[in-house]
Amino acid sequence: MNEQIQWMSTKEAAEYLGVTLRSLYRFIDEGAVPAYKFGRVIRLKQFDVEQFVEASRIQPGSLEHLYPEPKGSGAQRAGSD
């Protein structure tokens, strides 16, 4: 274990994730992303941020509730031929 830790500022981490600082602080506060406070400065390990990205991967078939079949579309298609 001779690897050196790569630290990120909250601004760098938020930009890396493509989220606002407010969202990043929420992730930290909820325990989703580990963070460290050194005096008044908050830092995140790059490895932890990358792990958060991987843990946030969407499983195939889990978003069907976001694109439900339009009501009546099956009946309209069947009768239009």
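Across region 1-32, what is the total count of residues that are of a type outside the set (D, E, K, R), part of a helix (DSSP H, G or I) and without any contact (Cβ under 8 Å) to a residue 24 or more places away in the chain? Quick ask: steps written out before the conclusion?
So in region 1-32, the residues of a type outside the set (D, E, K, R) come out as 1-2, 4-10, 13-14, 16-21, 23-25, 27-28, 31-32.
Now narrow it down to the ones that are part of a helix (DSSP H, G or I): 10, 13-14, 16-17, 21, 23-25, 27-28.
Okay, now just the ones that are also without any contact (Cβ under 8 Å) to a residue 24 or more places away in the chain, so 14, 21, 23-25, 28.
Result for region 1-32: 6.
Scanning region 3-31 for residues that are out of contact with any strand residue (DSSP E or B) (no Cβ under 7 Å at 6 or more places or on another chain) and of a type in the set (A, V, I, L, M, F, W, C), which turns out farthest from Gln51 (Cα to Cα)?
Leu21
Limited to region 1-29, what total is found for residues that are surrounded by fewer than 10 Cβ atoms within 10 Å (Cβ to Cβ), acidic (Asp, Glu) and under 13 Å from the mean Cα position of the chain (by Cα)?
Start the filter on region 1-29 by keeping residues that are surrounded by fewer than 10 Cβ atoms within 10 Å (Cβ to Cβ), which leaves 1-4, 18, 22.
Still in the running and acidic (Asp, Glu): 3.
Pick out the ones that are also under 13 Å from the mean Cα position of the chain (by Cα) and you get none.
Looking only at that region, the number is 0.
How many residues does region 33-76 hold that are in contact (Cβ under 8 Å) with a residue 12 or more places away in the chain, assigned to a loop (DSSP other than H, G, I, E, B) and either surrounded by fewer than 13 Cβ atoms within 10 Å (Cβ to Cβ) or among the charged types (D, E, K, R) (or both)?
Total satisfying the criteria: 0.
Computed from the coordinates by the stated procedures, all read-outs in this text should not be read as laboratory data. Treat the numbers as computed from the prediction; the structure is a model and nothing was measured. FYI the Cβ positions are ideal-geometry reconstructions off the backbone, even for glycines, and counts take in every protein chain you see.
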